[in-house]
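Novice: I have a structure here, written as structure tokens, and I will follow up with some questions on it.
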Amino acid sequence: MSSTPFDELQRISEESGVEKSLDFLEHHFRKDKEFFKLFEVMKMRCRHKLGLPLIYSQQPDDLTETQQRDLEDGLLNACREVGTLFFKSGMIQEGWMYLQPVGDKQLNEKLVRSVVADEENIDTLIEIAVSQGAAPAYGYEMLLDHYGTCNGITTFDTQAARFDAAVQRQMASRLVNHIHDELLQNVRYSIKEAGQESSLTPQMSLGEMIESFPELTANGAHHIDTTHLCSAMRIARLLDDPVEISIARQLAVYGSGLAEDYQYPSAAPFEDTYLDHGLYFSALLGEQVDQAIDHFKNKTQTVDAQQHGPVADETLVDLLVRVGRADEALAVATEKLMGNESAMGIAPSAFDIAQSSAQLQRLKDVYRSRDDLLGFAVAVLKKPIESGE
């Protein structure tokens with residue numbers, strides 16, 4: 001008679017002891033893909049290596065700091081391995097349960113990307129990738145492709161702030177490109193429907209089409225949900241890649257040609273959504289810089305700070321920094337924003353702006369004049385980049 005796993009385990013236990021028994025169990029559960037049980041075996045192995053009872057009991061373990069750290073490391077490695085096995089077997093929700101405590105961002109991203117999305121797993125995959133933060137930018141792209149722009153904007157507004165600036169930029173990039181591609185396709189179709197296809201070239205950009213066919217937006221015509229376009233302007237301000245900023249500007253140019261009823265205002269200081277954003281994006285591309293700075297300087301005088309807070313000052317500082325005018329940005333920041341508790345964090349702080357010896361000296365002078373020894377100390381102790389120290 002062939003022996004059962006129970007018989008085999010009994011024999012190994014009697015002949016070779018605990019370590020070989022655990023080897024047998026681990027091999028058996030791996031082969032049968034019983035990963036929950038495999039994890040329990042790996043937990044027992046961790047405890048055995050530390051001379052602890054294999055099974056947790058009501059009596060707390062008496063561990064040294066080193067033993068506690070080794071036990072935690074062993075358990076995390078077990079979580080990593082079992083979570084990976086679940087993912088590779090298509091059981092992504094179970095896998096994520098084990099991977100969450102590990103906190104390995106690179107592994108999470110790799111595993112999420114390895115899953116072939118289908119109708120059965122797409123919702124779970126997006127939930128884990130975006131809401132649970134396993135691979136937010138990649139998951140956000142899946143969400144846009146599967147559920148469209150409206151859901152994409154809602155998700156951005158409710159989820160993006162949880163992530164760091166780099167991830168927010170990646171999400172903004174996905175959204176702006178998604179809206180641009182949708183609009184470009186619709187505009188091309190409209191031109192073909194008008195019998196003007198011969199005037200199109202494969203390389204023609206959205207901006208070139210708008211210039212060549214100004215009648216595209218005549219008589220209230222539009223080729224995309226105009227509320228989506230308005231939201232895209234706000235989100236596109238996060239972009240820092242010139243190619244993508246150029247795309248955002250083309251969207252602004254398209255929006256500026258829409259009928260007045262479809263030109264929805266944005267929050268200050270971008271009340272004239274497409275004019276204000278068009279200038280902003282142009283400045284970031286090195287064009288109309290002086291005009292844009294003057295424009296947003298004027299906003300600091302016209303936007304009601306009592307109602308909106310220092311948002312106009314913050315926007316001006318941020319723009320000045322982004323176009324390479326740090327001295328001017330620092331002057332506005334120290335005069336208008338330093339110590340202002342209503343600031344929304346749109347602009348970098350005075351400490352972040354000040355990099356050169358001259359800028360740090362200005363900061364020290366400001367703090368000295370305010371009798372702020374702590375702020376002065378930070379400015380004194382910060383090393384200027386130009387010194388090479």
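Novice: Want the number for Gln10 to Ser89: 0.36 nm per residue separation, take away the alpha-carbon distance, what's left?
Specialist: Working: separation 79, 0.36 × 79 = 28.44 nm, distance 3.01 nm.
Full-extension gain reported as 25.4 nm.
Novice: With label points built 7 Å along Cα→Cβ from the Cα atoms of Glu72 and Asn340, find their separation and express it in nm.
Specialist: 4.3
Novice: For the chain, what is the calculated [θ] at 222 nm in deg cm²/dmol (nearest 500), taking -39500 (n - 2.57) for each run of four or more DSSP H residues and dividing by its residue count?
Specialist: Numbers: 20 runs with 249 residues, N = 389.
One gets -20000 deg cm²/dmol as the mean residue ellipticity at 222 nm.
Novice: Separate question: Given 25 °C and 0.890 mPa s, compute D for the chain with the Stokes-Einstein relation, Rh being the Kirkwood radius over Cα pairs; round to the nearest whole µm²/s. Provide the component values of the computation, followed by the final result.
Specialist: Details: Rh = 25.9 Å.
Result for D is 95 µm²/s.
Novice: If you take the charge dipole of segment 231-382 about its Cα centre, with +1 on Lys and Arg Cβ and -1 on Asp and Glu Cβ, which of Ser282, Ser256, Ser369 is farthest toward its positive end?
Specialist: Ser369
Novice: Once both axes come from the Cα atoms, what is the angle between helix 136-159 and the longest principal axis of the chain, in degrees from 0 to 90, rounded to 10?
Specialist: 60
Novice: Separate question: For segment 14-120, give the magnitude of the charge dipole about the Cα centre (Cβ charges: +1 Lys/Arg, -1 Asp/Glu; no others), in debye to the nearest 20. Spell out each step's value before the answer.
Specialist: Numbers: 15 positive and 21 negative charges, 50 e Å.
Roughly 240 debye for segment 14-120.
Novice: Could I ask something else about it? For Glu287, project a label point 7 Å along Cα to C-beta. Then give me every residue of segment 181-206 with its amide nitrogen under 15 Å of that point.
Specialist: Counting backbone N atoms under 15 Å from the label point, the list is 205-206.
Novice: Can you tell me, using C-alpha contacts under 8 Å and at least 6 residues apart, the relative contact order of the chain as a whole percent? Walk me through the numbers on the way to the answer.
Specialist: On the way: 397 pairs, mean separation 26.1, N = 389.
Result for the chain is 7 percent.
Novice: Suppose R0 equals 35 Å; then what is the FRET efficiency for Asp164 and Asn121 from their Cβ-Cβ distance, rounded to the nearest 0.05? Show your work: numbers first, answer last.
Specialist: Numbers: r = 27 Å, r/R0 = 0.77.
Efficiency computed from Cβ-Cβ geometry: 0.85.
Novice: For Lys110, go through the lysines and keep the ones whose alpha-carbon is under 27 Å away, minus same-chain ones fewer than eight residues off.
Specialist: The reachable lysines, counting only those whose Cα sits under 27 Å from Lys110, are Lys31, Lys33, Lys37, Lys43, Lys88.
Novice: Ok, one more. When the Karplus curve 6.51 cos²θ - 1.76 cosθ + 1.60 is applied with θ = phi - 60°, which whole-Hz ³J(HN,Hα) does each residue of segment 85-102 get, with x for Gly and Pro?
Specialist: Here the 3J(HN,Hα) series is 4, 4, 4, 5, 8, x, 9, 6, 5, 5, x, 5, 4, 7, 7, 3, x, 6 Hz.
Novice: Answer rounded, prolate or oblate for segment 145-246, using the Cα gyration tensor with square roots of eigenvalues a ≥ b ≥ c: rounded when a/c is under 1.5, else prolate when a/b is larger than b/c, else oblate. Don't skip to the answer; put the middle values down first.
Specialist: On the way: a/c = 2.59, a/b = 1.97, b/c = 1.31.
Verdict is prolate for segment 145-246.
Novice: For segment 70-144, rounded, prolate or oblate, judged on the Cα gyration tensor with a ≥ b ≥ c (square roots of eigenvalues), a/c < 1.5 rounded, else prolate if a/b > b/c? Present the calculation step by step, with values, prior to reporting the outcome.
Specialist: Numbers: a/c = 2.59, a/b = 1.79, b/c = 1.44.
Verdict is prolate for segment 70-144.
Novice: Subtract the Cα-Cα distance of Glu19 and Gln100 from 0.36 nm times their separation in residues, and report this length gain in nm to one decimal. Display every interim value, and only then the final one.
Specialist: Working: separation 81, 0.36 × 81 = 29.16 nm, distance 2.87 nm.
Length gained, Glu19 through Gln100: 26.3 nm.
Novice: Output the relative contact order of segment 256-341, whole-number percent, from Cα pairs under 8 angstrom with separation of 6+ residues. Working shown, then result.
Specialist: On the way: 75 pairs, mean separation 18.8, N = 86.
Normalised by residue count, the contact order of segment 256-341 is 22 percent.
Novice: Please work out the Kirkwood hydrodynamic radius for segment 1-103, using every pair of different C-alpha atoms, and report it in angstroms with one decimal place. Numbers along the way, then the final one.
Specialist: Values: mean 1/r = 0.0672 Å⁻¹.
In segment 1-103 this quantity evaluates to 14.9 Å.
Novice: In Å, what Rg and Dmax follow from the Cα atoms of segment 257-389?
Specialist: Over segment 257-389's Cα set, Rg and Dmax evaluate to 16.7, 57 Å.
Novice: For the chain, with the dipole built from +1 on Lys and Arg beta-carbon atoms and -1 on Asp and Glu ones, taken about the Cα centre, which of Ile293, His48, Ala117 lies farthest toward the positive end?
Specialist: His48
Novice: Moving on to the next point. By how many degrees, 0 to 90 and rounded to 10, does the Cα axis of helix 289-302 deviate from the longest principal axis of the chain?
Specialist: 90
Since every read-out is calculated from the coordinates, none of them should be taken as a lab result. Only a predicted model underlies this, so the values are computations on that prediction, with no experimental measurement involved. Glycine gets a Cβ as well: all are built from the backbone with ideal geometry, and neighbour counts include every protein chain shown.
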